[in-house]
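Peer 1: Quick one: the structure is below, questions incoming.
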Amino acid sequence: MLRLKVEDLNPEQHAAVFAEPGPVLILAGAGSGKTRVLTYRIAHLVDSGKAAPEDILAVTFTNKAAAEMRERLSGLIDDHRRVPWVSTFHSACARILRQDGRALEFNRDFSILDEADSLAVIRQVLEDAVAPDMPAAELVRARIEQAKNEALTPSVMADRAEGDRDARIAELYALYQERLRTMNAMDFSDLLMNTWILLDSQPEILVRWQRYARMLLVDEYQDTNRVQYLLARMLADSTRNLCVVGDEDQSIYRWRGADIRNILDFERDYPDAKVFKLEQNYRSTKTIIAAAASVIQNNTERKDKTLWTANEIGDPVVYFTGLTEREEADFVAGEIGLLIGDQALRPRDFVVFYRTNSQSRAIEEALVRRRIPYYVVGGTRFYDRREVKDLLSYLRVLANPADFISLERMVGAPSRGIGGKTLEAISALASKQAITPLDAMGRLETISNVALRTAKAASALYTWMRDLGGRMPTMPVREIVAEVAAQSGLAASLDALPDANERKQNLDELLAAASAFDAENTGGGLTEFLERIALVNDTDQIDEAAGRASLMTLHTSKGLEYPIVFIAGMEEGLFPHSRSADSEDEIEEERRLCYVGMTRARRLLYLTNTLSREMFGTRNSSRPSRFLAEIDGALLRRIAPERNRPVLNTPALSERYIDYSDSQLAEDGDGVAVGARVMHPTFGRGVVRRVEGRGSSTKAWVNFDQAGLKLLVLKFANLVPIAE
DNA sequence: CTCGCAGGGGTTTTT
DNA sequence: CCCCTGCGAG
């Protein structure tokens with residue numbers, strides 16, 4: 001029996017849910033009930049008998065989104081064992097390759113390399129292919145990834161190469177792929193690319209997987225890249241039952257190969273596509289929607305679509321400027337503190353977004369000063385911590401003894417006298433005798449140029465690993481992890497470190513993750529555990545934030561919503577980022593990112609920036625982001641920093657702000673320039689930080705070396721410019 | 001072979 | 001500011 005609450009759907013949502021199978025494009029604005037439409041549509045397909053659950057594949061962007069959709073579906077479909085296959089692109093591809101990768105000469109235990117591992121392999125390739133004028137490893141890695149995102153094989157890349165550099169990179173790409181194959185390893189992009197190669201070259205395998213995708217639904221379609229696009233088309237080819245959902249205004253992964261044209265041109269690919277526009281927003285206030293709209297309307301690459309809401313008007317968007325990032329952060333923390341006190345809000349109702357991870361530090365410090373519990377989503381991921389990666393390297397070798405990159409890491413953690421030279425010997429022996437590096441490690445004593453001591457150490461390690469490898473199939477993952485931590489000496493070696501406790505806790509956390517995996521009882525072994533770790537996404541951890549305020553990058557914010565949202569660092573060069581300043585296309589992407597961030601807010605939105613910001617050790621003056629100027633001024637409330645406010649004493653309400661909402665942002669002018677050094681009769685030397693207003697009412701914020709920040713009316717201030 | 005230190009270089013976003 | 005690399009000493 002269907003449990004759809006059809007009466008809750010608006011007409012467009014209703015039409016999208018009940019549209020007949022075939023090509024369907026759902027343009028879903030921010031907060032327009034997209035997930036509900038998607039899950040209802042799936043439930044309806046099952047309920048009406050148009051498709052069996054086994055025929056349906058829904059692809060999302062993050063594991064979290066997939067988990068959420070599965071959960072919602074299990075509430076809609078009576079038979080919980082018959083919930084359709086809901087997965088991310090990467091996980092789905094990993095499953096396909098584990099099963100059928102043999103056709104590409106990979107066995108089912110292939111390793112999944114993260115970016116650092118992949119870079120290490122590229123460094124090795126570069127070392128072997130010595131030639132003058134080699135491109136930097138990082139560049140090679142980026143170009144190879146780009147090629148894979150566009151579904152270019154090494155030979156196609158070589159054919160299209162313009163100039164020697166591109167041709168050389170194409171050669172390195174070929175060598176890199178070869179090395180990955182001998183290691184039985186794939187990088188992230190390979191998961192997609194190799195799946196495409198597999199399905200493209202093996203029609204009978206394709207047909208088999210098409211059966212799982214007789215109804216194919218793709219979420220976040222605006223962020224699919226070329227390979228994902230090709231995969232979706234290919235899987236849907238036999239039935240054409242392809243339903244894509246997305247919002248071109250929320251396409252923010254161009255740098256990762258996402259091609260906004262995939263969604264813009266869907267109707268060209270499928271001329272008979274039915275198109276539905278979800279334009280009613282159920283999330284935000286009218287003010288927030290209007291502010292976000294005034295920003296995004298400056299983009300040209302978009303479909304005709306207007307978001308609206310029946311919600312209340314709400315409060316103005318608050319725009320605060322701090323002198324430095326510290327003041328900006330104190331304001332954010334202060335507001336959170338005040339709102340928690342006044343409004344019965346809880347820390348979990350707040351989120352702070354920023355463009356770059358490095359911005360989190362100042363904000364964290366301010367939250368700590370105010371004792372507001374917070375949680376940073378993303379940043380250095382747990383599984384990227386050194387000691388965790390060290391332990392995982394053993395597990396990866398156990399699962400896949402061909403994984404030389406992990407073996408290199410493993411033998412050095414803790415150091416046991418096996419270094420670069422010995423590893424070279426291992427690698428040479430492995431290829432000469434056509435055995436895995438792990439087996440080669442056990443035969444080092446036959447090699448004359450390796451010291452006996454070293455060979456003995458290697459052989460001891462080998463013997464234990466082989467023994468464990470033999471017992472492994474009957475052990476829970478947790479026991480394997482525990483034995484590795486203890487027997488390898490890794491846990492003990494941490495004792496010598498200054499932060500031993502923290503690092504040991506991380507190993508404990510890994511043990512806990514293994515226990516949880518065992519408890520799920522999916523029948524998976526070490527390979528599946530490692531795959532899960534490789535493919536976890538930062539947003540997957542948000543649930544762990546439990547009650548705390550959240551901090552994350554704008555990219556991570558997609559798909560989330562919070563009552564109160566702060567976007568910090570609204571400054572030229574930071575947001576939009578200076579790396580995106582080259583082209584209008586990239587600026588448009590930054591603008592979409594701004595739009596995504598703003599539309600996460602339900603009730604209240606804060607935009608903040610600074611007059612000067614420290615980056616890479618030097619302090620630079622900053623200018624407001626162009627996106628601020630794009631927001632209708634009537635929607636904004638300007639707030640300036642209060643001077644000399646001690647951070648730990650909450651000020652009285654009446655003294656909270658200096659409101660200068662009537663002042664304008666002025667360019668340099670009227671006698672003093674921002675950044676100029678000046679002398680004041682009473683306050684002494686200082687630097688002009690900001691100039692506001694015009695004519696006789698022109699005021700300047702001046703940061704005095706001794707007296708601190710002052711707001712002065714220029715007409716009376718008698719400022720005298722001085723040389724540095 | 002490992003470790004510690006100095007110096008240089010690079011700094012966005014992440015499945 | 002942080003990370004990586006290269007180099008010299010133990």
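Peer 1: Could you grab the relative contact order for chain A? Cα pairs under 8 Å, six or more apart, rounded to a whole percent.
Peer 2: About 15 percent, as a whole number.
Peer 1: Using a cut-off of 12 Å between beta-carbons, work out the net charge of the residues near A:L57 (Lys and Arg +1, Asp and Glu -1, A:L57 not included).
Peer 2: Surrounding charge for A:L57 is 0.
Peer 1: For a test of the definition: using alpha carbon positions, the gyration tensor, and the 1.5 limit on a/c, classify chain A as rounded, prolate or oblate. Let's see the in-between values first.
Peer 2: Working: a/c = 1.87, a/b = 1.33, b/c = 1.41.
Verdict is oblate for chain A.
Peer 1: Continuing with this model, one more query. Just the number, please: percent antiparallel of the DSSP beta bridges in chain A, rounded to the nearest 5. Provide the component values of the computation, followed by the final result.
Peer 2: Numbers: 28 of 79 bridges.
Antiparallel bridges: around 35 percent, rounded to the nearest 5.
Peer 1: Helix-derived [θ] at 222 nm for chain A: sum -39500 (n - 2.57) over DSSP H runs of at least 4, divide by residue count, nearest 500? Each step should come with its number before you reach the end.
Peer 2: Numbers: 28 runs with 314 residues, N = 724.
It lands at -13000 deg cm²/dmol.
Peer 1: Something else now. In nanometres, what is the gap between the two model label sites at A:E68 and A:E204, each 7 Å from Cα along Cα-to-Cβ?
Peer 2: For A:E68 paired with A:E204, the spin-label model returns 4.2 nm.
Peer 1: State, to one decimal in nm, how far the label point of A:R471 lies from the label point of A:N521, with both points 7 Å from Cα in the Cβ direction.
Peer 2: 2.5
Peer 1: Within a Cβ distance under 11 Å of A:V46, other residues only, what is the Lys/Arg minus Asp/Glu net charge?
Peer 2: Taking every Cβ under 11 Å from that of A:V46, the sum is -2.
Peer 1: For A:L139 and A:D78, compute 0.36 nm times the residue count separating them, minus their Cα-Cα distance, and round to one decimal in nm.
Peer 2: Net length gain for the segment: 16.8 nm.
Peer 1: Around A:Q343, under 12 Å between beta carbons, what's the net of Lys plus Arg minus Asp minus Glu among the other residues? Each step should come with its number before you reach the end.
Peer 2: Details: positive: A:R346, A:R603; negative: A:D315, A:E335, A:D342, A:D349.
The answer is -2.
Peer 1: How big is the dipole moment of chain A about its Cα centre under a simple scheme where the beta carbon of each Lys and Arg is +1, that of each Asp and Glu is -1, and everything else is neutral? Debye, nearest 20, please.
Peer 2: Approximately 1080 debye in magnitude.
Peer 1: What is the gain in length, in nm to one decimal, between A:A451 and A:R579 on full extension, counting 0.36 nm per residue of separation less the C-alpha to C-alpha distance?
Peer 2: Details: separation 128, 0.36 × 128 = 46.08 nm, distance 5.00 nm.
Difference between extended and current length: 41.1 nm.
Peer 1: Quick one: with all protein chains in place, what share of the accessible area of chain A is carbon or sulfur, to the nearest percent (1.4 Å probe)?
Peer 2: Numbers: 15440 of 31880 Å².
Of all accessible area on chain A, carbon and sulfur atoms account for 48 percent.
Peer 1: Which of the three applies to segment A:354-464, rounded, prolate or oblate, going by the alpha-carbon gyration tensor with a ≥ b ≥ c and a/c under 1.5 meaning rounded?
Peer 2: It is prolate, given that a/c is not under 1.5 and a/b is the larger ratio.
Peer 1: Then there is this: Where only protein heavy atoms count, and the probe is 1.4 Å, what is the accessible area per residue for chain A in Å²?
Peer 2: Ligands and nucleic acids excluded, the result is 44 Å² per residue.
Peer 1: So how much slack lies between A:N357 and A:T300, counting 0.36 nm per residue of separation and subtracting their Cα-Cα distance, in nm? All intermediate terms of the calculation are to be shown ahead of the outcome.
Peer 2: Values: separation 57, 0.36 × 57 = 20.52 nm, distance 2.89 nm.
Using 0.36 nm per residue and subtracting the Cα-Cα distance, I get 17.6 nm.
Peer 1: With a/c under 1.5 counting as rounded, go ahead and sort segment A:104-251 into rounded, prolate or oblate using the C-alpha gyration tensor (a ≥ b ≥ c being the square roots of the eigenvalues; past the cut-off, prolate if a/b is larger than b/c, else oblate).
Peer 2: prolate
The values are calculated or read from the model by the stated rules, or taken from the named source; none is laboratory data. All of these numbers come straight from a predicted model, not from anything done at the bench. All Cβ positions, even for glycine, are placed from backbone atoms using ideal geometry, and neighbour counts span all protein chains on display. Surface areas here come from the heavy atoms of the whole protein model, side chains and all, with no ligands, DNA or RNA. Shrake-Rupley method; radii C 1.70, N 1.55, O 1.52, S 1.80 Å.
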